[in-house]
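The values are calculated or read from the model by the stated rules, or taken from the named source; none is laboratory data. In this text, all values refer to a predicted model and were calculated from it rather than measured experimentally. Using ideal geometry, Cβ is built from the backbone for each residue, glycine included, and neighbour counts are taken over all protein chains shown. All accessible areas refer to the heavy atoms of the entire protein, side chains included, with ligands and DNA or RNA removed. Shrake-Rupley method; radii C 1.70, N 1.55, O 1.52, S 1.80 Å.
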Amino acid sequence: ETGARLYGRFVLLREPLKDLKKADDKTDKNAKNAETEPPPMVGRPGETSLNSNVRMTLRDVVKDTVVWTRDFTGTAPHYYFDQFSGRLIFYWTLGSSAGKDRLKDDAALAARAQKMGNKDDDYLLEIVDAFATKTIGNVLLETGKGSFDISAAYSEGNWLVLHDSNNRILVISINDGEIQ
């Protein structure tokens, strides 16, 4: 809920979309005026939650550049950041509105989800590589009707490693989505 978190050389910023829209509107109205009111700080009491309608921006503090930005309307994804590899792992349940929207946007992913039964408690994971500045893969994970949750996530090379709520380690190939 604080809006910014440091992961090694990267900072992940979360900002409410409505505050960004207000700031853009003020900038447009006051384009002739050099001084505009700065957008409000995130995380003050009474401000919008950062669990929905957010913009996530990943910045490289060493190079002082924006690596990646995406707006999430509706519920924001849960995520883990692997500091060693510089990979951001987002995840949604397939039954959530955000999960359903992601499947609508990607026909190949929807077909894979249909083959596994497309259960509401299963997960859709997206792996974003901060160094490559792109999404490197999407993985679908069956949970046995929600019998476990993801407790931690790591990724390196073609591998996604998950620690689950049953204290198991799941090693998944990103290319084919198969548990090894």
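Observations on the structure shown:
- Quick note on the range 132-180: its Rg to Rh ratio, both from C-alpha atoms and Rh being the Kirkwood radius, is 0.98.
- Neighbourhood charge, 12 Å Cβ-Cβ cut-off, centred on Arg87 and excluding it, Lys, Arg +1 and Asp, Glu -1: -3
- Packing-based ranking of 71-83, 145-157 yields 71-83, 145-157, ordered from highest to lowest mean Cβ neighbour count within 10 Å.
- Across Phe84, Phe90, Phe131, the residue with the most accessible area heads the list, and the full order at a 1.4 Å probe is Phe84, Phe131, Phe90.
- Centre-to-centre, using Cα atoms only, the range 108-142 and the range 49-94 are separated by 16 Å.
- Taking all pairs of distinct alpha-carbon atoms in the range 85-180, Kirkwood radius in angstrom: 13.4 Å
- When Glu15, Glu126, Glu142 are compared by accessible area at a 1.4 angstrom probe, the order from most to least is Glu142, Glu15, Glu126.
- Largest accessible area first, the residues Lys119, Lys104, Lys63 order themselves as Lys104, Lys63, Lys119 under a 1.4 Å probe with ligands, DNA and RNA left out.
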